[in-house]
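Working notes, structure below.
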Amino acid sequence: MLTFLIVCAGNELKDKGRTIMEENLKIPAHVALILDGNGRWAKKRGLPRQFGHKKGCETLEQVVEDAARLGIRYLTVYGFSTENWKRPEEEVGALMQLFRFYAKRLLDIVDAINVLEEKTKKNTGMTFVIAVNYGSRDEITRAVRKIMTDVENGKIAPEDMTEKVFASYLDTAGIPDPDLMIRTSGELRLSNYLLWQLAYSELYVTECLWPDFNKEELLNAIRQYNKRERRFGGVTAVKTE
């Protein structure tokens, strides 16, 4: 069962615009995205839902490039969840067809999944992570099973378990937790996405439907991120005279 496809960009990309320098924005190292609103985008235009997904894929192509140019080091997107299998068969089939097309298009290969990861593992640009057939509760459940097996086999003792050790059993092992999570279409829920990893992430929700998302929307999210004070469960230090 595939849960994450990890692709590293081959070249460092630099943003050509003036916005970041002018605003002195701090760029989050890792941004997670929930790409919501493809179906509603199509419905508003009297089109079948799969047209919204196709337009959403085109939007994602541009956003990946924009994110890399802005200096984001990791970009993780919710491509297809374990719950998405409950959608109508025709829509699921269209989504799978789109995924296969775009996975192959990244490097023009036949074995898109395995070869993509192998051929890009030495690249130094932004790491692009696609969550496919992913659900966070499933991920955590599988991690617990692995830990229980390792305890039974004497590979780890219960008293050795820490947050860091637990995280090493997750699908995202070796990837830093997201600094910022962006969800489009105005929905105020996590939808079983990176529940462990998003514990201290800043959340940003926009009413913009995903096919209409663009660089300016991404910058708006980063601007809001810059206004937040990340305390990671602590409190703000009180200044004294």
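The values are calculated or read from the model by the stated rules, or taken from the named source; none is laboratory data. These numbers come from a predicted model, not from an experiment. Cβ: placed from backbone, ideal geometry, glycine included. Neighbour counts: every protein chain shown. Side chains included, ligands, DNA and RNA excluded: accessible areas come from the protein's heavy atoms. Shrake-Rupley method; radii C 1.70, N 1.55, O 1.52, S 1.80 Å.
Here's the yes/no breakdown for (1) touching a strand residue (DSSP E or B) at 6+ places or on another chain (Cβ under 8 Å); (2) of a type in the set (S, T, N, Q):
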residue	(1), (2)
K121	yes, no
T124	yes, yes
V129	yes, no
N133	yes, yes
I147	no, no
N153	no, yes
P158	no, no
M161	no, no
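If you go through the stretch 117-126 and keep only what is surrounded by fewer than 21 Cβ atoms within 10 Å (Cβ to Cβ) and either modelled with pLDDT of 85 or more or of a type outside the set (D, E, K, R) (or both), you end up with T120, N123, T124, G125. Of all residues being farther than 20 Å from E202 by Cα and assigned to a helix (DSSP H, G or I) in the stretch 12-38, which is modelled with the lowest pLDDT? Just the residue, please. Result: T19.
Of all the residues in the stretch 193-228, those that are part of a loop (DSSP other than H, G, I, E, B), out of contact with any Pro (no Cβ under 6 Å at 6 or more places or on another chain) and of a type in the set (S, T, Y) number 3. Pairs are defined by a Cβ separation below 6 Å, a sequence spacing of at least 6 or placement on different chains, a first member in the stretch 55-72 that is among the hydroxyl-bearing types (S, T, Y), and a second member that is open to solvent by less than 70 Å² (accessible area, probe 1.4 Å) and in a helix (DSSP H, G or I); the pairs so defined are T59/P211. Is the stretch 69-91 home to any residue that is modelled with pLDDT of 85 or more, part of a helix (DSSP H, G or I), at negative phi and not aromatic (F, W, Y)? The answer is yes, given that some residue of the stretch 69-91 is modelled with pLDDT of 85 or more, part of a helix (DSSP H, G or I), at negative phi and not aromatic (F, W, Y).
Being surrounded by fewer than 15 Cβ atoms within 10 Å (Cβ to Cβ) and among the hydroxyl-bearing types (S, T, Y), is that true of even one residue in the stretch 203-226? Among the residues of the stretch 203-226, not one is surrounded by fewer than 15 Cβ atoms within 10 Å (Cβ to Cβ) and among the hydroxyl-bearing types (S, T, Y), which makes the answer no.
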